[in-house]
Amino acid sequence: MSMSTSQAAAELGVSARQVRRAAANGRIVASKAGAAHSFSQRQIQALERTAHRGRDWSIATQNAALDLLATGATAELSSTERSRLKQRLRSIEVSALAGQILRGRVSLRRAANDEIKQNFGAQLTPELGLSARGGLAVLVAENVTRQARNLRLGLDDSGDIAAVEGTEAHRRVLEALALYAYGDARENSAAAAWLTSAQKAV
């Protein structure tokens, strides 16, 4: 089901201008026909779940945050910047964390059939206590557009595969962030708990 800009704005409780701005800066994907935008329910849900205020993080800060959440260490920043980022990661809300890191990294895709989709079940699924069948699938790759094209995953704003740009070292964190933002209620809740635990461990 697609929504117009005004419907999306009403759903989110913001102005139509804010929705158009979110589409323009990559926080939400919109289909465009002429001057009109349309948004999928899944995209609106993700925007709602990843709302945050303040300046967007740089790529270096995003990568450092991913390093810290995945391994507890990073070489991306100076020691002072690293110390500040660790404090920030321990206190930031999961919604803001997801919004900062996923911005511009995710496209929704759809496989030709369920058998193909099963190849992209999140590796984190068993750890989260979720079923491997159904729900949101996640593909993490360094060149996710090329990988998705090779696997014949079509772009679909309401698709059930989140294709996330990222490295193998950050896979589990990116899967959790994608499940939090784009997954169903159970996936969202389980991923939020996992991410909160990872934040505390930084």
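The values are calculated or read from the model by the stated rules, or taken from the named source; none is laboratory data. Fair warning: this is a prediction, and the values are worked out from it, not measured in the lab. When we count neighbours, we look across all protein chains shown, and the Cβ atoms used for this are built from the backbone with ideal geometry, even at glycine.
Tabulated data
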quantity: Any hit, segment 14-30, residues being surrounded by fewer than 16 Cβ atoms within 10 Å (Cβ to Cβ) and under 25 Å from LEU136 (Cβ atoms); calculated: yes
quantity: Counted residues, segment 66-84 - those being hydrophobic (A, V, I, L, M, F, W, C) and under 13 Å from LYS200 (Cα atoms); calculated: 3
quantity: Selection status of LEU77, in a helix (DSSP H, G or I) and assigned by TED's automatic domain parsing to the domain that holds ASP184; calculated: no
quantity: Residue that is farthest from the chain's Cα centre (by Cα), among those in segment 174-202 that are more than 18 Å from SER131 (Cβ to Cβ) and of a type outside the set (A, V, I, L, M, F, W, C); calculated: LYS200
quantity: All positions within segment 77-88 that are within 19 Å of LEU174 (Cβ to Cβ) and either aromatic (Phe, Trp, Tyr) or surrounded by fewer than 19 Cβ atoms within 10 Å (Cβ to Cβ) (or both); calculated: ARG88
quantity: Condition check for ALA132: outside the structural domain of VAL19 (by TED's automatic domain parsing), aliphatic (A, V, I, L, M) and modelled with pLDDT under 90; calculated: yes
quantity: Qualifying residue in segment 36-48 (condition: in contact (Cβ under 8 Å) with a residue 12 or more places away in the chain, surrounded by fewer than 18 Cβ atoms within 10 Å (Cβ to Cβ) and over 20 Å from the mean Cα position of the chain (by Cα)); calculated: yes
quantity: Sole residue being without any contact (Cβ under 8 Å) to a residue 24 or more places away in the chain and more than 16 Å from the chain's Cα centre (by Cα), chosen from ALA24, ALA8; calculated: ALA24
quantity: Residue that is farthest from the chain's Cα centre (by Cα) [pool: residues in segment 149-163 that are closer than 23 Å to GLY129 by Cβ and crowded, with 23+ Cβ neighbours inside 10 Å]; calculated: ILE161
